[in-house]
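**Student:** Please find one structure pasted underneath; my questions will follow.
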Amino acid sequence: MVNGLYAALLIVLIFTNLIVLLLYLSAKKNPYYVVYDEETKNALKRRVTNLKEELEEELVDFDVEEWEKELESSIEEEVRNL
């Protein structure tokens, strides 16, 4: 009886260790975070800054009234096509 209990406990421990090992390997292959070196981090910051500036320039040139007119005309055309 005691030997059977020890065998069951050993099987459970081996199975648990196997699960922990698989989780560790999975986390190692697909980390939730990425550590960048300073050069890469600076390059990413420059890229984000450039994209932000481009977007701000486009928003300045964006005409809401013209966009609304185009949207209304395209909706009317879609309704006519129905």
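The values are calculated or read from the model by the stated rules, or taken from the named source; none is laboratory data. Quick caveat, the model's predicted, so the values are computed rather than measured. Cβ placement follows ideal geometry from the backbone for every residue including glycine, while neighbour counts extend to all protein chains displayed. Note: accessible area is taken over every heavy atom of the protein model, side chains too, but ligands, DNA and RNA are not part of it. Shrake-Rupley method; radii C 1.70, N 1.55, O 1.52, S 1.80 Å.
**Student:** In the range 39-80, how many are open to solvent by less than 90 Å² (accessible area, probe 1.4 Å) and part of a loop (DSSP other than H, G, I, E, B)?
**Tutor:** Of the residues in the range 39-80, 1 are open to solvent by less than 90 Å² (accessible area, probe 1.4 Å) and part of a loop (DSSP other than H, G, I, E, B).
**Student:** Return the only residue of TYR36, TYR32 being at pLDDT below 85, surrounded by 10 or more Cβ atoms within 10 Å (Cβ to Cβ) and not β-branched (Val, Ile, Thr). Can you show your working first?
**Tutor:** Details: TYR32 fails: surrounded by 10 or more Cβ atoms within 10 Å (Cβ to Cβ).
Exactly one residue qualifies, and that residue is TYR36.
**Student:** For the range 1-33, give me each residue that is not polar (S, T, N, Q) and not in a helix (DSSP H, G or I).
**Tutor:** Filtering the range 1-33 down to residues not polar (S, T, N, Q) leaves 1-2, 4-15, 18-25, 27-29, 31-33.
The answer is MET1, PRO31, TYR32, TYR33.
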